[in-house]
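Accompanying notes for the structure given below.
The values are calculated or read from the model by the stated rules, or taken from the named source; none is laboratory data. Predicted model, so just to flag it, every value in this text is computed and none were measured. Cβ coordinates were reconstructed from backbone atoms using ideal geometry, including for glycine residues, and neighbour counts include every protein chain displayed. We work out accessible area using only protein heavy atoms, side chains counted, and drop any ligands, DNA or RNA first. Shrake-Rupley method; radii C 1.70, N 1.55, O 1.52, S 1.80 Å.
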Amino acid sequence: MAKEKSAIFIIFGGSGDLAHRKLYPSLFRLYKSKVLKDHFAVIGTARRPWSDDYFRETVITSLEDYFDDDKEIMEEFAKHFFYQSHDVNDSEHYIALKNLAGKLDDQFEAGHNRVYYMAIAPRFFGTVAEHINSEGLKTKDGYNRLVIEKPFGRDLDSACELNGNISKAFPEDDIYRIDHYLGKEMVQDIPNIRANNPKLEQALNNKYVSNIQVTLAESIGVEDRGGYYETAGVLRDMIQNHVMQIIGAIASDDPKAKEAKVIHKNKCDLFASLKELSPEEVDTEFVRGQYDTDKTGEKKAYRQEDNVAEDSNIETFVAGKIEFNTDRWSGVPFYVRSGKRMPDKSSRIDIVLNDKVKELGIRPNSVVTLLIEKEDGNSILINGLNYKDAGQDFIEFPEEAEFDNAREAYESLIIDILSGNRVHFTLWDELRSTWKYIDTIRERWDSQTPEFPNYISGTMGPDAAEMLLERDGNSWIWD
Ligand code: NAD
């Protein structure tokens, strides 16, 4: 268990959805486990003129999942919360914020540490970072860490611009770019699984792997986030970040590496070797889809959702084939897929081995499945069976690697931020490579008009997603 931490959190967007659904419950769990105890305070900022008391009430409301717990603990926790109304463009407000943070630092003895958390619309990230710097909010004696939520840009140019703005104000080592998939227990443990299983690690290359499949499927539609989705689409919302980072965990070199710098370098090298697509290859290697109503006609089609254009061409499904130009991986297809209104929720990696693995003592054509969210109590499957029952001895775990999903992704990431551990955050160089790759697809798609909608809600997406693999003599494992 992590030791008690001290810091003043300044949450920009403290009245928003992310803060209430994810950040406050995670901070509360850290309070209950005493990682946060006496030496912390949280300043929530937003435009509305709220009092501290009102803000504390909203924070307590966000903890409804814990209402069975001692109400007193919740109230003690809420006493660490303070509110400051704030307009991102107003310099005076930053000075008020600086003074409040200084006062709370004295009161709570927070060690002059500051966490600046951008839970605000991405268009404000650069402005806020610059003001933090120019208005002198940063302390001299403690750390000053900037936490940036996704999306980090909407293409390479806008990501470069954003990065330019924030890096004028914060050195790269103090920037924590969140990809919450990197906070998930299974994703964090992939390097351990690889490092502890020499046979599996020996098999992870183009001699023994037929293909690797990454699926992030949701059964729900866009719900009340149609407005946001219209500016994003699955390619930007899931593939550029979460899917790529999962591939980074499974395919980077040297899973035994412990140092953030080495781990990041290996991931950067992998992404720098993404095999670029020509515009014509986008047509053959990537498939996009948009959901229609379901078989009964009860569910809304994407184009009928609130805040979605009637003729929207935003994709709610993507499948594609990604390849890398490295000695280790060249020739191995990484099939990726993410979509809404699929039959079930599932986040998984299927490693499909070929028949040569026999020489490593592994049953030919075995499939190793890593379930990012536990399904039916399972985290790892071999040929569809719980690995312990599969009768193969090449998956071993140290006891501590048994997955209990005890810790929420955000909880784990906040501990990392407070500990100065950047392993589970994304580096600018990684984003540059992945945006460059994604931009080619986006530009091609934006130049053509798709025939949407093209899949029925509750199905596996458009038929072309199946054909993408059949063409190579492969098929989706999760089907
Ligand atoms: P939201 O619209 O619910 O909240 C936005 C917050 O910003 C509010 O507190 C609002 O008062 C404040 N704000 C808006 N304009 C302001 C201004 N001019 N000055 C000061 N404050 C202002 O948004 P959200 O869903 O909480 O998302 C916040 C960020 O987190 C976004 O970057 C989003 O992309 C990212 N994110 C959200 C989620 C999620 O589940 N909600 C998931 C991943 C990433």
ask   = How many residues does region 16-51 contain that are open to solvent by 30 Å² or more (accessible area, probe 1.4 Å), within 16 Å of the ligand (Cβ to nearest atom) and either assigned to a loop (DSSP other than H, G, I, E, B) or outside the structural domain of GLU76 (by TED's automatic domain parsing) (or both)?
value = 5
ask   = What do you reckon, is ASN313 among the polar types (S, T, N, Q), farther than 23 Å from THR459 by Cβ and out of contact with any Cys (no Cβ under 8 Å at 6 or more places or on another chain)?
value = no
query = How do the helices (runs of 4 or more DSSP H) wholly within region 242-295 filter down when requiring 1 or more residues that are modelled with pLDDT under 95 and closer than 24 Å to ASP174 by Cβ: which remain?
reply = 260-272
task = Could you run through region 52-63 and say how many residues are more than 15 Å from the ligand (Cβ to nearest atom) and open to solvent by 10 Å² or more (accessible area, probe 1.4 Å)?
result = 5
ask   = Which condition number in (1) open to solvent by less than 30 Å² (accessible area, probe 1.4 Å); (2) assigned to a helix (DSSP H, G or I) is the one that GLY227 fails?
value = (1)
ask   = Counting only residues that are open to solvent by 70 Å² or more (accessible area, probe 1.4 Å) and more than 24 Å from ARG337 (Cβ to Cβ), which one in region 273-303 is farthest from the chain's Cα centre (by Cα)?
value = THR296
query = Can you tell which of ILE382, ILE322, ILE349 is at pLDDT below 95 and either closer than 22 Å to ILE456 by Cα or not aromatic (Phe, Trp, Tyr) (or both)?
reply = ILE382
ask   = Under 8 Å by Cβ, and 6 or more places apart or on different chains, what pairs join a residue from region 451-462 that is farther than 16 Å from GLU298 by Cα with one that is modelled with pLDDT under 95 and in a loop (DSSP other than H, G, I, E, B)?
value = MET460/ASP479
remark   = Counting only residues that are in contact with a strand residue (DSSP E or B) (Cβ under 8 Å, 6 or more places away or on another chain), closer than 13 Å to LEU235 by Cα and hydrophobic (A, V, I, L, M, F, W, C), region 275-293 contains a total of 2
ask   = Counting residues that are among the β-branched types (Val, Ile, Thr), which helices (runs of 4 or more DSSP H) fully inside region 375-479 reach at least 2?
value = 409-419, 428-446
